[in-house]
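First comes the structure, then the notes that go with it.
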Amino acid sequence: MKIFFGARMLTVTLIATTLLLGINHNVAAAQSAPPAGIKNVVLVHGAFADGAGWEAVTKILEKDGYTVSVAQPPETSYADDQKYTKAAIDAMGGPVVLVGHSYGGSIITEAGNDPNVAALVYIAAFALDEGESCASIEQAVPQASQAFKPDSNGNWWIEQDHFVADFAADIPRDEAEFMAISQVPISTDAFTHKVTNPAWKTKPTFYMVAGSDRSINPIQERMMAKRANAKTVEVNSSHVAYMSHPKEAAKLIEDAATSAHVN
């Protein structure tokens, strides 16, 4: 009788242990599993910068289970920038959320027509309509900065003495000063190219307004977000909102990823 009782208790214990291990395994799997929805994100930098500024956002997204590609358009021409961005989209091999900062918004507005792009996210960016260019938006409601200057080669720069205040005032000063001396100039062609087929008219769109932006007037950012019917958040940020507010930027990108339709 004691032997039978002991065997029964052993069986119960083994069943309970198995169930507990199964529960723990499921919890661990759930915690490490990629989020539902789109799993891939392509990040596109804007003028005067390169992809390195996306580091903090990338780390958050990867920690949360996303696969990230940081495109490196050279800003030499609008056609070149489209080519590099589309190559990054193609390399992901599936649906992506396409994210653009500043001039990167102009890039994703056309590149977003790629069938693998499921949603668009603009971070203080140019969500241009048909016939518009970055230049026309800046001329309609001018930005606060007057430090954008052309050179003799058809490129535009931000004067280094004004770079921190006008572009990246709310990140560590040493980082902003290094960005000033390592800035990537934008070609006149890229800055003045007119968009012909805005992807935001057919794709789910999200927008982060930088409320203290001196490089794009926040009035224009709000206008572009509204007409794109974008889910919009606003942060009190300089132009580099993705660097000074990486958590908020990553959250908006993840909102786009989880709400986008997967074909």
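The conditions are (1) part of a loop (DSSP other than H, G, I, E, B); (2) modelled with pLDDT of 95 or more; (3) open to solvent by less than 40 Å² (accessible area, probe 1.4 Å), and I137 fails exactly one of them. Which is it? Condition (1) is where I137 drops out.
Taken over segment 159-200, residues that are polar (S, T, N, Q), in contact with a strand residue (DSSP E or B) (Cβ under 9 Å, 6 or more places away or on another chain) and outside any helix (DSSP H, G or I) amount to 2. Determine whether E110 is crowded, with 17+ Cβ neighbours inside 10 Å, out of contact with any strand residue (DSSP E or B) (no Cβ under 9 Å at 6 or more places or on another chain) and closer than 16 Å to F126 by Cα. Against the criterion (crowded, with 17+ Cβ neighbours inside 10 Å, out of contact with any strand residue (DSSP E or B) (no Cβ under 9 Å at 6 or more places or on another chain) and closer than 16 Å to F126 by Cα), E110 qualifies. I need the full set of residues from segment 229-249 which are surrounded by fewer than 23 Cβ atoms within 10 Å (Cβ to Cβ), of a type in the set (A, V, I, L, M) and outside any strand (DSSP E or B), in order please. Listed by number, the list holds a single entry, A230. Counting only residues that are acidic (D, E) and touching a Pro at 6+ places or on another chain (Cβ under 8 Å), segment 119-153 holds 3 of them. Only residues that are farther than 21 Å from K39 by Cα and open to solvent by less than 70 Å² (accessible area, probe 1.4 Å): list them for segment 54-78, please. Across segment 54-78, the qualifying residues are P73, P74, E75, S77, Y78. Residues in segment 203-224 that are surrounded by fewer than 23 Cβ atoms within 10 Å (Cβ to Cβ), of a type outside the set (A, V, I, L, M, F, W, C) and in contact (Cβ under 8 Å) with a residue 24 or more places away in the chain: K203, P204, G211, S212, R214, N217, Q220. A147 passes every criterion in (1) closer than 20 Å to Y78 by Cβ; (2) open to solvent by less than 50 Å² (accessible area, probe 1.4 Å); (3) free of Cβ contacts under 8 Å to residues at least 40 places away in the same chain; (4) out of contact with any Ser or Thr (no Cβ under 7 Å at 6 or more places or on another chain) apart from (1). Inclusion of K86 among residues that are without any contact (Cβ under 8 Å) to a residue 12 or more places away in the chain and open to solvent by 70 Å² or more (accessible area, probe 1.4 Å) is not warranted.
The values are calculated or read from the model by the stated rules, or taken from the named source; none is laboratory data. All figures in this text were calculated on a predicted structure; none of them were measured in a lab. All Cβ positions, glycine included, derive from the backbone under ideal geometry; neighbour counts span all protein chains shown. Surface accessibility is based on the protein's heavy atoms, side chains included, excluding ligands, DNA and RNA. Shrake-Rupley method; radii C 1.70, N 1.55, O 1.52, S 1.80 Å.
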